[in-house]
Amino acid sequence: QVHLVESGGGLVQAGGSLRLSCAVSGSSFSIGAAGWYRQAPGKQRELVAGISSGGTTNYADSVKGRFTISRDNAKNTISLQMNSLKPEDTAVYYCNSVISWRTYWGQGTQVTVSS
């Protein structure tokens, strides 16, 4: 059974940095496209950053220049480096991955940015 486990969330002051990691396990297939989403209270889940199997990245306008998504195919991990954090970045962050044509989600990790 495939599992995605996020880590690295927490409380940080505005202007600070956090690095989220997503460990993928339980599959004999390679990770395809992957991404990080977030959901703030009372809002819909939104795409923050995506990365293709070939390493092409895309970002929400609100995080461009501040966040960087990366992947380590050997370790089956997907990371999100978040710099210059703002209070509006506060949300639960979810890892998402496509493996063998199916989409999987992690359980989420809370990121709170204080002003």
Whole number in Å², please: accessible area per residue of the stretch 1-103, 1.4 Å probe, ligands, DNA and RNA not counted. 54 Å²
Mean separation of Cα contacts under 8 Å, 6 or more apart, over the residue count of the stretch 1-96: relative contact order %: 35 percent
For Glu88, solvent-accessible area (1.4 Å; no DNA, RNA or ligand), Å²: 120 Å²
Virtual spin-label span in nm between Arg66 and Leu11, 7 Å along Cα→Cβ: 2.0 nm
Over the heavy atoms of Tyr94, what accessible area does a 1.4 Å probe trace out, to the nearest 10 Å²? 40 Å²
Sort Phe29, Phe67 from largest to smallest accessible area, using a 1.4 Å probe on the heavy atoms of the protein chains. Phe29, Phe67
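The values are calculated or read from the model by the stated rules, or taken from the named source; none is laboratory data. Since this is a predicted model, take the numbers as computed values, not measurements. For neighbour counting, all protein chains shown are included, and Cβ atoms are generated from backbone atoms with ideal geometry for every residue, glycine included. Calculation scope for accessible area: heavy atoms of the full protein, side chains included, ligands and nucleic acids excluded. Shrake-Rupley method; radii C 1.70, N 1.55, O 1.52, S 1.80 Å.
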